[in-house]
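The values are calculated or read from the model by the stated rules, or taken from the named source; none is laboratory data. Remember, it's a predicted structure, so these values are computed and weren't measured experimentally. Note that we place each Cβ from the backbone using ideal geometry, even for glycine, and neighbour counts take in every protein chain shown. Heads up: the accessible areas ignore ligands, DNA and RNA and are worked out on the full protein's heavy atoms, side chains in. Shrake-Rupley method; radii C 1.70, N 1.55, O 1.52, S 1.80 Å.
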Amino acid sequence: MSIIKLQDLYFKPFISREKISAIVKYLAKSVKADLPKDEVPVFVGILNGCFLFAADFMREFEGDCEISFVKLASYEGTSTTDNVKHLVGLNEDLTGRTVIILEDIIDTGTTLQEIYNIFRDKNVKQLKIATLFFKPEVFRKELPIDYIGLSIDDKFIVGYGLDYNGLGRNYPEIYQLSTKPKMKNIVLFGPPGAGKGTQAEFLKNMYNLLHISTGDVFRFNIKNETKLGLLAKKYMDEGDLVPDEVTIEMLKAEVEKNADANGFIFDGFPRTQSQAEALDIFLAEKGEQVNGMIALEVPEDILVTRLLERGKTSGRTDDTDESKIRNRFNEYNTKTAILKDYFDDQNKYYGINGVGSVEEITQRISKVFDTL
């Protein structure tokens with residue numbers, strides 16, 4: 001989950017699809033447990049927002065049941081109005097039936113009051129309310145709510161059927177209104193020896209960003225013989241990528257230490273899709289996002305030559321053995337190169353020719369930076 005933009009507003013991840021699924025299952029089981037053994041309830045979904053919730057609820061409900069819908073309007077933009085209009089009523093004969101209303105969200109209770117008005121003359125056996133989300137801070141009616149999936153703060157949300165001016169219903173997760181991201185966060189990407197570190201040094205000064213190098217972070221931990229550092233050294237000496245959980249924890253700590261930065265250049269991270277997903281989630285929780293991946297593209301033979309030459313002075317054991325270097329490229333091609341598709345799917349991938357002088361490559365990258 002990452003930051004999304006709907007028209008003029010930004011929304012950050014709030015509730016995952018897994019948690020939503022667990023809430024729906026809990027509600028379905030709770031309703032079933034309260035019904036007499038052979039009773040066939042009528043579920044009534046309140047459109048438009050509850051159609052996803054109602055569909056999932058019906059699949060989780062174990063037993064015979066019927067479903068119908070009524071459509072009401074209560075939202076304009078991000079504000080709730082008290083002028084709820086009854087648009088579509090029920091035609092079924094509900095005399096003597098147990099009716100359970102399925103609502104996506106209950107806030108002020110204005111919509112709920114209209115629901116009770118609708119069913120006042122339906123002669124139902126009993127009327128119950130099941131809502132996926134409830135905002136207790138703003139609830140103003142003295143009306144019963146029988147089943148509440150999750151109580152949340154009074155902040156505007158979208159996704160899973162909920163919308164902002166008609167948009168956002170199709171997201172399977174719930175997103176919460178946030179502020180516009182303030183940071184410029186760039187992933188500087190490329191195979192070993194592509195020159196990411198060199199370019200990052202120029203770019204961080206040009207754009208007043210903080211350079212976070214996975215290699216530097218690893219070396220700091222290795223030098224100080226931390227637990228994570230010793231583990232990282234073992235993998236690096238073998239020419240393998242460091243496990244995700246080690247890398248992610250190190251990088252999170254670096255970001256947290258520099259919370260006031262204008263943005264970050266991530267050099268050497270993420271290296272796998274799971275790391276990219278973890279980075280998206282981590283930044284999104286802070287109301288931020290990755291603005292783009294800039295990838296330095298260099299032929300492998302040129303990179304091998306570069307690394308062997310670097311190994312003469314760097315002291316890095318993984319730069320002096322060609323077989324280890326080739327193994328690093330195999331790791332890169334099988335695990336890391338898939339990130340191109342991951343960021344390209346978000347329209348955030350920018351391939352840059354990484355062959356040429358440092359100045360030429362910097363100019364190529366700057367042209368992309370200036371568009372983000």
Expected single match for in contact with a strand residue (DSSP E or B) (Cβ under 8 Å, 6 or more places away or on another chain), among the hydroxyl-bearing types (Ser, Thr, Tyr), touching a residue at least 40 places away in the same chain (Cβ under 8 Å) and open to solvent by 30 Å² or more (accessible area, probe 1.4 Å) among Tyr164, Tyr171, Tyr175, Tyr160 is Tyr171
Residue that is surrounded by the fewest Cβ atoms within 10 Å (Cβ to Cβ), among those in the stretch 280-313 that are among the hydrophobic types (A, V, I, L, M, F, W, C) and closer than 23 Å to Phe11 by Cβ: Ile281
For the stretch 196-233, which positions are among the aromatic types (Phe, Trp, Tyr) and within 11 Å of Met250 (Cβ to Cβ)? Phe218, Phe220
Within the stretch 275-298, how many residues turn out to be assigned to a strand (DSSP E or B) and either free of Cβ contacts under 8 Å to residues at least 12 places away in the same chain or within 11 Å of Lys252 (Cβ to Cβ) (or both)? 0
Please determine whether any residue of the stretch 36-59 is touching a Ser or Thr at 6+ places or on another chain (Cβ under 7 Å) and either among the polar types (S, T, N, Q) or assigned to a loop (DSSP other than H, G, I, E, B) (or both). yes
Note on the stretch 322-372: residues outside any helix (DSSP H, G or I) and of a type in the set (D, E, K, R) are Asp345, Lys348, Asp370
What's the number of the condition Ile105 fails, among (1) in a strand (DSSP E or B); (2) open to solvent by 40 Å² or more (accessible area, probe 1.4 Å)? (2)
Here the residues within the stretch 324-352 that are more than 24 Å from Phe264 (Cβ to Cβ), at pLDDT 80 or above and among the polar types (S, T, N, Q) are Asn327, Asn330
Identify, by number, the condition in (1) open to solvent by 40 Å² or more (accessible area, probe 1.4 Å); (2) in contact with a helix residue (DSSP H, G or I) (Cβ under 9 Å, 6 or more places away or on another chain) that Phe133 doesn't meet. (1)
Can you name every residue in the stretch 60-72 that is open to solvent by 40 Å² or more (accessible area, probe 1.4 Å) and part of a strand (DSSP E or B)? Glu66, Ile67, Phe69, Lys71
When you go through Thr95, Thr81, Thr110 one by one, which is the residue that is at pLDDT below 95, open to solvent by 60 Å² or more (accessible area, probe 1.4 Å) and among the β-branched types (Val, Ile, Thr)? Thr95
What's the total number of residues in the stretch 317-340 that are surrounded by 15 or more Cβ atoms within 10 Å (Cβ to Cβ) and in contact with a Leu (Cβ under 9 Å, 6 or more places away or on another chain)? 10
Filter pass, Glu277 being open to solvent by 10 Å² or more (accessible area, probe 1.4 Å), under 18 Å from Thr226 (Cβ atoms) and acidic (Asp, Glu): no
